[in-house]
Amino acid sequence: MNIRILAIESSCDDTSAAVLVDGVMLSNVMATQEVHKKYGGVIPELASRAHQQNIVPVVDQALKESGLTIREIDVVAFTRGPGLLGSLIVGTSFAKGLAMALDIPLVDVNHLQGHLLSPFITEPGEDKPTPSFPYLSLLVSGGHTQIIKVVDPLNYEVLGKTIDDAVGEAFDKCAKLLDLGYPGGPVIDKLAKDGNANRFVFSKPSIKGLDYSFSGIKTSLLYFLRDNIKADPDFIQGNINDICASYQQTLVDILMKKLVKASLETSIREITLSGGVSANSLLRKTIETEGVKRGWNTYLPQFKYTTDNAAMIGIAGYYRYLSGHRASPNIAPVSRINEI
Ligand code: KG4
Ligand code: ZN
C-alpha cells in the first residue's frame, strides 16, 4: 500500500513542507525568512510571525508540486522539537488541525532524527547508495554538534556532543566579528577558497572523549583580531581570505579529530554528515579524503538537504509511522529534547 505523507518543518527560521510517497520525495518546498539577516541572528518573535504567514502557501505549493490533493494524503508528520517554541507551535498546531480535519494519523518527529535520516531521502527514479546500519553521523548545525551512532531508523546513541557552542555558531560568530553578515558559514566558506589556511593559528580545545568545544576558538579569534587591529587598523580588510581560511581549517580539524576517534573506537566505517554546516566545502572534501584513506563509505547529503527541510521530517516520519507510532491529538511541541 502506498503511504502518502505530508511533512511540516518549522523549528527555526525556515518554513518547509514536503510530500513523500513510500519514502520517495515528490516535493520539498521551503520559505527562508530573510527578515533575520539585518539582525545578525534569528529573532524568535519574528520567526513565529513569518511561519504563520508562510505555512499555508508553502503547504499549498508542496501539494501542487507533488501532483496530489490534500484528500490524497494519508499521514501528517511534523517537527515536534527541538527548536524555537514559538516557531514549533505554528507547525504543530497546523499539523494537528490538518490531521484532525482530514481524520488521518499524525506522527511527531524529532528534528535531529530528521537530519540523521536525511541520507535516505530519494527522489523519483533515483537509485543511490544509502548507509547500512549502524552508521555514524556527524550532525553539525547552528544549534548542534554531535557524533551519533544511528543503530536503526528509530534508535540512536549520542557518542559525543559540544559542551558549549555549536560549530555553526562558531562560523556565525566569526562572521559577526568580521562584519560579514548572517548566516556566516556560507560567506566564510566562499572567502576561504582564496585564502591561505596555514597563515594563522587559532587555539584548539583539548576535551576528553568524543565531546567538542567551540567557545575557546571564538575567544581566540576575538583577541587575535583585537591585537592585530591595534597594529594595523585595516588588518581585517587586508587579510580577510587568510583569516577565513585559517579559522575554517581549525574548525574542520577539530570536527575531524573526534570523528576519526569515534570511527576507530566503534569500528564503524559507514559515515554520514548532516545539518547546515554539512554544506561546508572544506568539511565535505576532508571527509571524503579521510574516508578514502581509512576505508570509510561516506554519504554526503545533497546541498538542498543540508539545511532544515521538511523532506527529512517526512522520511523520519515514514519510518516512525511504519513502526506503529502515532501522536496523540493533544501533543504539544517541546523546545528541548535531551534524549533523542
Ligand atoms: O541546520 P541549519 O540550517 O539550522 C540549524 O541550526 O538547525 O544550520 C544553519 C547553520 C548556520 O550556522 C550556518 O552558518 C551554517 O549552518 N552553514 C554553514 C555553511 N552553510 C550553512 N557553515 C559552514 N559552511 C557552509 N557552507
Ligand atoms: Zn536543523
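The values are calculated or read from the model by the stated rules, or taken from the named source; none is laboratory data. This structure is a prediction, so every number in the text was calculated from the model and none was measured. Glycine also receives a Cβ, built like all others from the backbone with ideal geometry; neighbour counts cover every protein chain displayed. We work out accessible area using only protein heavy atoms, side chains counted, and drop any ligands, DNA or RNA first. Shrake-Rupley method; radii C 1.70, N 1.55, O 1.52, S 1.80 Å.
Quick one: with all protein chains in place, what share of the accessible area of the stretch 208-339 is carbon or sulfur, to the nearest percent (1.4 Å probe)?
On the way: 3070 of 6100 Å².
Its accessible area is 50 percent carbon and sulfur atoms.
For GLU270, what residues show an amide H to amide H distance below 5 Å, using hydrogens built from the backbone and excluding near sequence neighbours?
Under 5 Å from the amide H of GLU270: LEU136, ASN297.
Rounded to whole Å and sorted largest first, list the principal axis extents of the Cα atoms in the stretch 135-304.
Principal extents (largest minus smallest coordinate, Cα): 53, 28, 27 Å.
Enter the angle in degrees (range 0 to 90, nearest 10) between the Cα long axis of helix 310-322 and the first principal axis of the Cα atoms of the chain, meaning the one along which they spread out most.
50 degrees
Quick one: which residues, 5+ away or cross-chain, put their amide H under 5 Å from the amide H of THR162? H built at 1.01 Å from N.
Distant-sequence amide H within range of THR162: THR145, TYR212.
Once phi is turned into θ = phi - 60°, what whole-Hz ³J(HN,Hα) does the Karplus curve with 6.51, -1.76 and 1.60 give for every residue of the stretch 260-268, x standing for Gly and Pro?
For the stretch 260-268, the Karplus curve yields 4, 4, 5, 5, 5, 5, 9, 6, 9 Hz.
Would you work out which of GLN302, LEU264, TYR247 lies farthest towards the positive end of the dipole of the stretch 135-304? Charges go on Cβ: Lys and Arg +1, Asp and Glu -1.
The residue sitting farthest along the positive end of the dipole is LEU264.
Between SER203 and LEU322, how high is the FRET efficiency from 1/(1 + (r/R0)^6) when r is the Cβ-Cβ distance and R₀ = 51 Å? Nearest 0.05.
0.60
Only helical DSSP H runs with n ≥ 4 go in: add -39500 (n - 2.57) per run for the chain, normalise by residue count and round the 222 nm mean residue ellipticity to 500 deg cm²/dmol. Please list the in-between numbers first.
Values: 9 runs with 144 residues, N = 340.
Rounded to the nearest 500, the figure is -14000 deg cm²/dmol.
Given a cut-off of under 8 Å on Cα pairs at least six residues apart, what relative contact order in percent is computed for the chain?
For the chain, the relative contact order is 24 percent.
Enter the accessible area of VAL56 (Å², nearest 10), with the probe set to 1.4 Å and all protein chains included.
90 Å²
As a test of the definition: which semi-axes, in Å, follow for the stretch 237-315 when you take the square root of five times each eigenvalue of its alpha carbon gyration tensor? Largest first, please.
Values: eigenvalues 110, 79, 19 Å².
The three semi-axes for the stretch 237-315 are 23, 20, 10 Å.
Might you work out the accessible area of ASP108 for me, using a 1.4 Å probe with all protein chains in place, and round it to the nearest 10 Å²?
Accessible area, nearest 10 Å²: 20 Å².
Going down the list LYS128/LYS258; LYS193/LYS261; LYS37/LYS173, which pairs span over 19 Å between their C-alpha atoms?
LYS128/LYS258; LYS193/LYS261
Hey, got the Cα dimensions of the chain along the principal axes, in Å, largest first?
67, 45, 35
Quick one: Karplus J couplings for the stretch 43-53, per residue in order, coefficients 6.51, -1.76, 1.60, θ = phi - 60°, nearest Hz, x for Gly and Pro?
9, x, 5, 5, 5, 5, 5, 5, 4, 4, 6
With springs only between Cα atoms under 10 Å apart, run a GNM on the chain and tell me which of TYR223, TYR319, TYR247 wobbles the most.
TYR223
Alpha carbon centre of the stretch 304-340 versus the stretch 199-252: separation in Å?
Each part's Cα centre sits 36 Å from the other's.
Can you give me the relative contact order of the stretch 22-105 as a percent, contacts being Cα pairs under 8 Å and 6 or more apart?
Numbers: 59 pairs, mean separation 26.4, N = 84.
Computed value for the stretch 22-105: 31 percent relative contact order.
Under the rule of at least 5 residues apart or a separate chain, name every residue whose amide H is placed under 5 Å from the amide H of SER27.
Placed amide hydrogens put VAL19 under 5 Å from SER27.
So if I take the centroid of the Cα atoms in the stretch 31-77 and the same for the stretch 123-160, what is the distance between those two points in Å?
Spelled out, the Cα-based centre of one part sits 25 Å from the other.
Antiparallel DSSP bridges in the stretch 135-304: what percent, to the nearest 5?
60 percent
Using mean Cβ contacts within 10 Å as the protection proxy, how do 326-336, 124-134 order, highest first?
Values: 326-336: 13.8, 124-134: 10.6.
Highest to lowest by the protection proxy: 326-336, 124-134.
Return one number: the angle in degrees, 0 to 90 and rounded to the nearest 10, between the long axis of the Cα atoms of helix 167-177 and the longest principal axis of the Cα atoms of the chain.
Taking the Cα atoms of the chain, the angle to 167-177 is about 50 degrees.
For the stretch 288-339, what is the convex hull volume of its Cα atoms per residue in Å³?
It comes to 164 Å³ per residue, whole-number rounded.
How large is ³J(HN,Hα) for each residue in the stretch 140-146, as worked out from phi by the Karplus curve 6.51 cos²θ - 1.76 cosθ + 1.60 (θ = phi - 60°), to whole Hz, x for Gly and Pro?
Working through the residues one at a time gives 10, 8, x, x, 9, 8, 9 Hz.
Given points 7 Å out from each Cα along the Cα-Cβ axis, report the VAL35 to ILE3 separation in nanometres with one decimal.
It is 3.5 nm.
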